[in-house]
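Visitor: Take a look at this one; I'll ask things after.
Just so it is clear, none of the values below were taken in a lab; they were calculated from the coordinates. Just so it is clear, the model here is predicted, and its values are computed rather than measured. Neighbour counts are summed over all protein chains in view; Cβ atoms, including those assigned to glycine, are modelled from backbone coordinates with ideal geometry.
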Amino acid sequence: METIYALATARGKAGVAVIRLSGPRAAAAASALCGSLPPARRAGLRRLRNADGTTLDEALVLWFEAGASFTGEEVAELHCHGSPAIVNAVLGALSRIDGLRLAEPGEFTRRALENERLDLAQVEGLADLIEAETEAQRRQALRVLEGAIGKRAESWRADLIRAAALLEATIDFVDEDVPVDVAPEVLDLLNRVKADLEHEAAGVSVSERIRDGFEVAIVGAPNVGKSTLLNALAGREAAITSEYAGTTRDVIEVRMDLAGLPVTILDTAGLRETGDVVEEIGINRAKQRARAADLRVFLLDDMGSTVGLTPLAEDIVIQGKADLLSDGTGVSGKTGQGIGDLVAQITARLETRAERAATVTRERHRTAIIRALASIESARNEIERGSGTTELVAEELRMASRALDSLVGRVDVEHILDEIFASFCLGK
């Protein structure tokens, strides 16, 4: 392994900038700049000097032995003052040390994977944690980073291995003193794994929404107060409002954090019959996005019409422009009436959905689980038919185990590694 280095914190002015080194020459390279290193895993204040003895900065220096670091290799960290000039000077000094090179995006984490410090699911969790903007995203990503998927996959795999072992015992030791009918225990193991996997597969879409964000569409007739409501929710003039119908032609999006959940509120074109070609395009887009959204808020006009879209059971139907009504019901973006209750309703519905989230979080995970389920179902069918093809059942169980191994990167993942690590920043 070459020794790599990179700035691990964001570029720009800051109080502290961390420069990370990893590889067999990490400690020697750090020593070349600061003289003696502090004891392993204990920070020490050191003066960093160039090769000609010029002082670069005074920094905290920290190093980890191989096997005790994030990457599993020797790692050194230089905690410098965070000015661009200091960072560039230290990086320049490192570039002139033989055997060092600048790290590629995600290379530190890739080495952690290759050295079995993280499994592939944990790598994905780390990527999600770096990108997390809300509390729900943080919790979900941290759970994956801490190995929740790997622990579940190992449990399922252990049950499949136990089932396969029971079957193979009947093949290899048919004349020995082993149970003749292992089918009940094998089926019990398979049914347990199958139920867990089906639950996980069903919850992946919710997990993805927590990672990428829920969508809530505001729909209704023209001039019912949709854009004014969006602006009130956003706390700024995100959408143009006027007394003229048809002002909103395209879908306007505002990103929000509701009780820790990432939510994008969509303001859509007013739904009506129109001869305006451009407005008609906007109305068609509004209908498409509204149907695809996780939740819809129907703002009713004076006629109480839902204008061509049928609310679903979880959708919210509420009177718009409540400031013009005398009964005190509805919502008004102009005065703020009813907005708190509306936000509470949206949050409650999305929190209920979030409770159905799975441990697994990505489409890749769902695909692996579906493959495992297909093999398990084939194995169950063979056992229940009593066809005597024990070898085929055992092979299906091996295929199911292999599918679960791909969840954590044991097999069949080389083709996606470059894509995953390309999303990481240079120093991670």
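Visitor: How would region 287-380 be classified by its alpha-carbon gyration tensor: rounded, prolate or oblate, with rounded meaning a/c under 1.5 and the a/b versus b/c comparison settling the rest?
Guide: Numbers: a/c = 4.12, a/b = 2.67, b/c = 1.54.
Here region 287-380 falls in the prolate category.
Visitor: Separate question: Rounded if a/c is under 1.5, else prolate if a/b beats b/c, else oblate: with a ≥ b ≥ c from the C-alpha gyration tensor eigenvalues square-rooted, which is the chain?
Guide: Working: a/c = 3.01, a/b = 1.16, b/c = 2.59.
Taking the square roots of the gyration eigenvalues as a ≥ b ≥ c, the chain is oblate.
Visitor: Let me ask you something else. Can you order the peptides 361-371, 133-143 by their average number of other Cβ atoms within 10 Å per residue, highest first? Mind dumping the intermediate values first?
Guide: Numbers: 361-371: 19.9, 133-143: 17.5.
Listed from highest to lowest mean packing, they are 361-371, 133-143.
Visitor: Using a ≥ b ≥ c from the Cα gyration tensor of region 7-165 (square roots of the eigenvalues), is it rounded, prolate or oblate, where a/c under 1.5 gives rounded and otherwise the larger of a/b and b/c decides, a/b for prolate?
Guide: On the way: a/c = 2.90, a/b = 1.95, b/c = 1.49.
The shape class here is prolate.
Visitor: Continuing with this model, one more query. Could you list R42, R162 in order of exposure, starting from the residue whose Cβ has the fewest other Cβ atoms within 10 Å? Intermediate values should be presented prior to the final figure.
Guide: On the way: R42 10, R162 14.
Neighbour counts put them in this order, fewest first: R42, R162.
Visitor: What's the exposure ranking of K13, K194, K226, going from fewest to most Cβ atoms within 10 Å?
Guide: Ranking K13, K194, K226 by Cβ neighbours within 10 Å, fewest first, gives K13, K194, K226.
Visitor: A further question follows. Where does each of T268, T310, T228, T329 land when they are ranked from fewest to most other beta-carbon atoms within 10 angstrom? Intermediate values should be presented prior to the final figure.
Guide: On the way: T268 26, T310 8, T228 22, T329 11.
With the fewest neighbours first, T268, T310, T228, T329 line up as T310, T329, T228, T268.
Visitor: So what is the 222 nm mean residue ellipticity for the chain from helices alone, if each DSSP H run of at least 4 adds -39500 (n - 2.57) and you divide by all residues, rounding to the nearest 500 deg cm²/dmol? Could the numbers behind the result be given before it?
Guide: Working: 13 runs with 197 residues, N = 428.
Here the helix-only value at 222 nm equals -15000 deg cm²/dmol.
Visitor: How many angstrom lie between the Cα centre of region 351-378 and the Cα centre of region 65-140?
Guide: After rounding, the separation between the Cα centres reads 30 Å.
Visitor: Can you count the Lys pairs in the chain whose Cα atoms are under 24 Å apart, with each pair 8 or more apart or on different chains?
Guide: Numbers: K13/K428; K151/K194; K226/K287; K226/K321; K226/K334; K287/K321; K321/K334.
Qualifying lysine pairs in the chain: 7.
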